[in-house]
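Trainee: Okay, here's the structure, questions in a sec.
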Amino acid sequence: MATKEPIIDPNLDPATGEYAVIAPGHNFKSVTQKISGIVLTSNTPLGWFFGLIVGGGVAMGVVVGITWLFLKGVGIWGVTIPGAWGFAIINFVWWIGIGHAGTLISAILLLFKQTWRNSINRFAEAMTIFAVVCAGTFPLIHVGRPWLAYWLMPYPNTMNVWPQFRSPLAWDVFAVSTYATISVVFWYIGMIPDFGTLRDRAVTPLARYGYGLLSLGWRGSTRHWIRYESASLLLAGLSTPLVLSVHTVISFDFAVASLAGWHTTIFPPYFVAGAVYSGFAMVLTLAIPIRKFYHMEDLVTLRHLDNMAKVMLATGGIVAYGYGMEVFMSWYSASHWEFFMMWNRMFGPMGWAYWILIATNIVIPLTSLWSRKLRVNVAWLFFISIVVNTGMWFERFVIVVTSLYRDYLPSSWGTFRATKWDYMIYVGTMGLFTLLFFLFIRLLPMIPMSEIRMMLPQTKVHKGPKDAEVVSQEAS
Amino acid sequence: MPPREGIYGLLAEFNTPTELVDATNAAYAAGYRRMESYTPYPVEEAAEALHFHTTRVPLLCLLGGLMGVTTAFLMETWINVWGYPLNIAGRPLWSWPAFIIPAYEWTILFAGLSAAFGMIALNGLPQLYHPVLNAPNFRNGATTDKFFLCLEAHDPKFSLTETRAFLEQFPAVSVVEVDH
């Protein structure tokens, strides 16, 4: 990079050479019109209906699959002894990991004052909530008698039966329910000012009434804004330890068990990094088509894509270190079981899954994302995002299946084979996610308008001579 | 609440945050205290001009967090030691390190809900009706691109003619009366 050619591009910031966070030429009114127009227009694009129907159709897989599951029991899945955990746990961990990027963007990047996040914050949070919806389904339907799932909650009952708090399953209930609640609250609080805008710009009485109720009567009072900002900052500060704890607790489901390949201390950081990695991949999977379809290229710019790719590069590096350390520790531990587990993971009957994981999570993304050219190549980035999501699913598959199907006792060895019901419910949750996301982009503002306004140059308050007068009066 | 009649206040509309902050500073210096500004995004300088600095949201958040951690830890202790003691592989009934995890989650849950709902309550929301929403130009701009200053009629210094004259010396787009 020693000889750098001067770059001539109006979208580049001349001072830094980076892409601008918001394309030049916008003002308060234009960003408001652009974002609220998507929600308030009466002309719904045909493509939206198409996406909704496809999403809804695929989501039928969940309805059919779960109905059959409730009628027949978990025996319709591929789970068996010794592989008692199958797709349900894999999908649960995968979906909840995807959700983590939304919280990371809305909370951690807010605390670090990364204002570029404002454009992608709202739909990343929506992604979190819908991913948690999909994730939460799996443990509930996996409990065997799902109509008794509420027994997991501590509540006074005539049986005098209570949860057992030394179990990671009880920790999961607390972690995931807190995560879902706080994510929804944070998301809603963030939308209140935008609901006010939608109420004031709505043409139809129904929209005015509906958004008016949702806005709680928001009127942009300065005193309200100060409390609002304080609450947002606190929620961000609380969500940061929360998001780190959720995948940590989920990794405890594995790490607390004394199974080779699960019983390791590296799991919490390695799970969290993997979660953020897959989550950013999913944000890219969503953001790239949406910015194209709704012509949002000037609000979700190449800068955002570039930055997200950089976060993926960093977290992918941590994940790669985790894989390396697992292999190293299985040798260094001098434990026969650990050594066999790793050999079996790589070269056993399901070794193919491990090599798919290495190729899709490490080799393809981490070799190409170093190049800035490829990081701002939208088509390549979209491809990479799909590749990483596949890879992260295989990571969970490898962890869950390979440790279980050949455990300590060779006489109890078995294998794992997923059934069509496993696939149907898994693919169905992708449809459910798509369906919810399409409803979201049509009915709610997908980019936070008030936060975008704050990023415009017009927001600067100039200290004029009047100020000096007031100051001198106060001083005297 | 007795029915209110007459004027709520005078509402001046500005195009830029700087004009709003200047006018607010001048109004404060002139002795007006019952006033409020309305902006489409948070303007810290506008709050400074109103001499509004502290909020009780962080205190509520702290109290909520303390309540969450105490509730969760005491609940777990009672359940696993007295309510429903179970022998799990001979581990102590009061396994406090394991109890930390749900207690940690409830700290965040209670603190977050206190911050969010505390903010809404302190702001007096939901309040679907407010006099400023009656002003013809308010809803067109306050949540989009305009900056408003409302000098309220219950300020002792308020006088319809003098206050109007006071506001009109600033580069306001308009100064309108707001009815209750």
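Each row is one residue, and each column tells you yes or no for (1) buried (at least 21 other Cβ atoms within 10 Å of the Cβ); (2) more than 9 Å from every other protein chain (Cβ to nearest Cβ); (3) more than 17 Å from B:Thr39 (Cα to Cα); (4) of a type in the set (Gly, Ala, Ser).
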{"site": "A:Ala202", "(1), (2), (3), (4)": "no, yes, yes, yes"}
{"site": "A:Pro205", "(1), (2), (3), (4)": "no, yes, yes, no"}
{"site": "A:Gly210", "(1), (2), (3), (4)": "no, yes, yes, yes"}
{"site": "A:Leu216", "(1), (2), (3), (4)": "no, no, no, no"}
{"site": "A:Gly220", "(1), (2), (3), (4)": "yes, no, no, yes"}
{"site": "A:Arg227", "(1), (2), (3), (4)": "yes, no, no, no"}
{"site": "A:Ala231", "(1), (2), (3), (4)": "yes, no, yes, yes"}
{"site": "A:Ala236", "(1), (2), (3), (4)": "no, yes, yes, yes"}
{"site": "A:Thr240", "(1), (2), (3), (4)": "no, yes, yes, no"}
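Trainee: Consider the range A:265-274. How many of its residues are over 14 Å from A:Val400 (Cβ atoms) and either buried (at least 18 other Cβ atoms within 10 Å of the Cβ) or touching a residue at least 12 places away in the same chain (Cβ under 8 Å) (or both)?
Mentor: Counting residues in the range A:265-274 that are over 14 Å from A:Val400 (Cβ atoms) and either buried (at least 18 other Cβ atoms within 10 Å of the Cβ) or touching a residue at least 12 places away in the same chain (Cβ under 8 Å) (or both) gives 6.
Trainee: If you don't mind, there's one more thing I want to ask. Out of the residues in the range A:244-264 meeting the condition of being in contact (Cβ under 8 Å) with a residue 40 or more places away in the chain, hydrophobic (A, V, I, L, M, F, W, C) and more than 10 Å from every other protein chain (Cβ to nearest Cβ), tell me which one is surrounded by the most Cβ atoms within 10 Å (Cβ to Cβ).
Mentor: Taking the candidates together, the pick is A:Ile250.
Trainee: Here's something else I'd like to know. Of all residues in the range B:83-138, which are touching a Lys or Arg at 6+ places or on another chain (Cβ under 7 Å) and either more than 9 Å from every other protein chain (Cβ to nearest Cβ) or assigned to a helix (DSSP H, G or I) (or both)? Lay out the reasoning, then the answer.
Mentor: As a first pass, look at the range B:83-138 and keep what is touching a Lys or Arg at 6+ places or on another chain (Cβ under 7 Å): B:88, B:91, B:95, B:98, B:119, B:122-123, B:130, B:132-133.
Within the range B:83-138, B:Ala98, B:Met119, B:Leu122, B:Val132, B:Leu133 qualify.
Trainee: Which of the residues that make up the range A:40-56 are more than 23 Å from the chain's Cα centre (by Cα) and either outside any helix (DSSP H, G or I) or in contact (Cβ under 8 Å) with a residue 24 or more places away in the chain (or both)?
Mentor: Correct list: A:Leu40, A:Thr41, A:Ser42, A:Asn43, A:Thr44, A:Pro45, A:Gly47.
Trainee: What about A:Gly210, is it in contact (Cβ under 8 Å) with a residue 24 or more places away in the chain, out of contact with any helix residue (DSSP H, G or I) (no Cβ under 6 Å at 6 or more places or on another chain) and not aliphatic (A, V, I, L, M)?
Mentor: So A:Gly210 does not fit the description; no.
Trainee: Anything in the range B:106-124 that is aliphatic (A, V, I, L, M) and crowded, with 17+ Cβ neighbours inside 10 Å? List them, or say none. Break it down stepwise before answering.
Mentor: Let us first name the residues in the range B:106-124 that are aliphatic (A, V, I, L, M), namely B:108-109, B:111, B:113, B:115-116, B:119-122.
Hits for the range B:106-124 are B:Ile108, B:Leu109, B:Ala111, B:Leu113, B:Ala115, B:Ala116, B:Met119, B:Ile120, B:Leu122.
Trainee: Just to be sure, is B:Leu62 touching a helix residue (DSSP H, G or I) at 6+ places or on another chain (Cβ under 9 Å), more than 8 Å from chain A (Cβ to nearest Cβ) and part of a loop (DSSP other than H, G, I, E, B)?
Mentor: Here the answer is no, as B:Leu62 does not meet what is asked.
Trainee: Give the residues of the range A:378-433 that are of a type in the set (D, E, K, R), assigned to a helix (DSSP H, G or I) and buried (at least 17 other Cβ atoms within 10 Å of the Cβ), sorted by residue number.
Mentor: Within the range A:378-433, A:Glu395, A:Arg396, A:Asp422 meet the criteria.
Trainee: I'd like to know if the range B:30-41 contains one or more residues that are facing chain A (nearest Cβ under 10 Å), in contact with a helix residue (DSSP H, G or I) (Cβ under 8 Å, 6 or more places away or on another chain) and free of Cβ contacts under 8 Å to residues at least 40 places away in the same chain.
Mentor: Scanning the range B:30-41 turns up at least one residue that is facing chain A (nearest Cβ under 10 Å), in contact with a helix residue (DSSP H, G or I) (Cβ under 8 Å, 6 or more places away or on another chain) and free of Cβ contacts under 8 Å to residues at least 40 places away in the same chain.
Trainee: What's the total number of residues in the range A:132-179 that are in a loop (DSSP other than H, G, I, E, B) and of a type in the set (Ser, Thr, Tyr)? So that I can check it myself, show each step before the final result.
Mentor: Looking only at the range A:132-179, we keep the residues that are in a loop (DSSP other than H, G, I, E, B), and these are A:143-145, A:153-167.
Filter again for of a type in the set (Ser, Thr, Tyr), leaving A:155, A:158, A:167.
Of the residues in the range A:132-179, 3 are in a loop (DSSP other than H, G, I, E, B) and of a type in the set (Ser, Thr, Tyr).
Trainee: Here are some residues: A:Thr367, A:Thr360. Which one is among the polar types (S, T, N, Q) and either crowded, with 18+ Cβ neighbours inside 10 Å or not in a helix (DSSP H, G or I) (or both)?
Mentor: Values: A:Thr367 fails: either crowded, with 18+ Cβ neighbours inside 10 Å or not in a helix (DSSP H, G or I) (or both).
Going through A:Thr367, A:Thr360 in turn, the sole match is A:Thr360.
We did not get these values from a lab; they are worked out from the coordinates using the rules stated. For clarity, every value in this text was computed on a predicted model and none was experimentally measured. All Cβ positions, glycine included, derive from the backbone under ideal geometry; neighbour counts span all protein chains shown.
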